[in-house]
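Notes for the one structure printed next.
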Amino acid sequence: MSRYRFYPMTKDRALQISKWQYEYPFSMYDMDSSEDSILELMNGEYYYALAEHDDLIGFICVGGSARVPGGYAAGIYTDLRKLDIGLGLKPDLTGNGRGQGFLSEVLSFLNHQFSGREYQLVVAAFNERAIKVYERIGFVKETHFMSKYEEKELEFISMSYIKKNV
């Protein structure tokens, strides 16, 4: 049995996540604890919290909540077979080998919830450590595109995962 558990997002979990602070340059993933940030995370049918031994360690979102605005112009959201996913790991757990296990658990959960789907995620191009984790699991790079972030254009990469039948 897995030591990880997925839960519907609650206001308490959303408030905890909204306070997470990442080191630069990953600080672009920080939220601001505002009511808007908490309400976005409370979008219950699209956000899930992940706990390990009852400690909140991450979250995932699916569908439109996982999309990056520049991806629309790049045409990456037209394939309806692909479910868009986004994920976040607690800041003090990043960069120390936890990502692959975290992502494996996320995919297992998603396969149970949305069987037979292909998955797509978008990652900032500078986030090489996340890209390496995604590639180890089986995601492949697809489209490079630009999207506005805090008045600047930032490069992003869409990556897709197709479950392999074993």
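The values are calculated or read from the model by the stated rules, or taken from the named source; none is laboratory data. Because the structure is predicted, anything quoted here is derived from the model rather than measured. Counting neighbours? That spans all protein chains shown, and the Cβs are built from the backbone with ideal geometry, glycine included.
Answer yes if at least one residue in region 76-93 is under 30 Å from Asp55 (Cβ atoms), surrounded by 13 or more Cβ atoms within 10 Å (Cβ to Cβ) and hydroxyl-bearing (Ser, Thr, Tyr), and no otherwise.
No.
What number of residues in region 143-160 are more than 15 Å from Ala124 (Cβ to Cβ) and either acidic (Asp, Glu) or at pLDDT below 95 (or both)?
Number satisfying all stated conditions: 1.
I need the full set of residues from region 45-66 which are within 15 Å of Ser160 (Cα to Cα) and surrounded by fewer than 19 Cβ atoms within 10 Å (Cβ to Cβ), in order please.
If the condition is that a residue be within 15 Å of Ser160 (Cα to Cα) and surrounded by fewer than 19 Cβ atoms within 10 Å (Cβ to Cβ), then Gly63 is the only one that fits.
Would you point out the residue of region 1-20, among those that are of a type in the set (A, V, I, L, M) and either under 15 Å from the mean Cα position of the chain (by Cα) or in a helix (DSSP H, G or I) (or both), that is surrounded by the fewest Cβ atoms within 10 Å (Cβ to Cβ)?
Result: Leu15.
Quick check on this structure: which one of Leu89, Leu110, Leu121, Leu93 is without any contact (Cβ under 8 Å) to a residue 60 or more places away in the chain and within 16 Å of Ser158 (Cα to Cα)?
Of Leu89, Leu110, Leu121, Leu93, the one residue that is without any contact (Cβ under 8 Å) to a residue 60 or more places away in the chain and within 16 Å of Ser158 (Cα to Cα) is Leu121.
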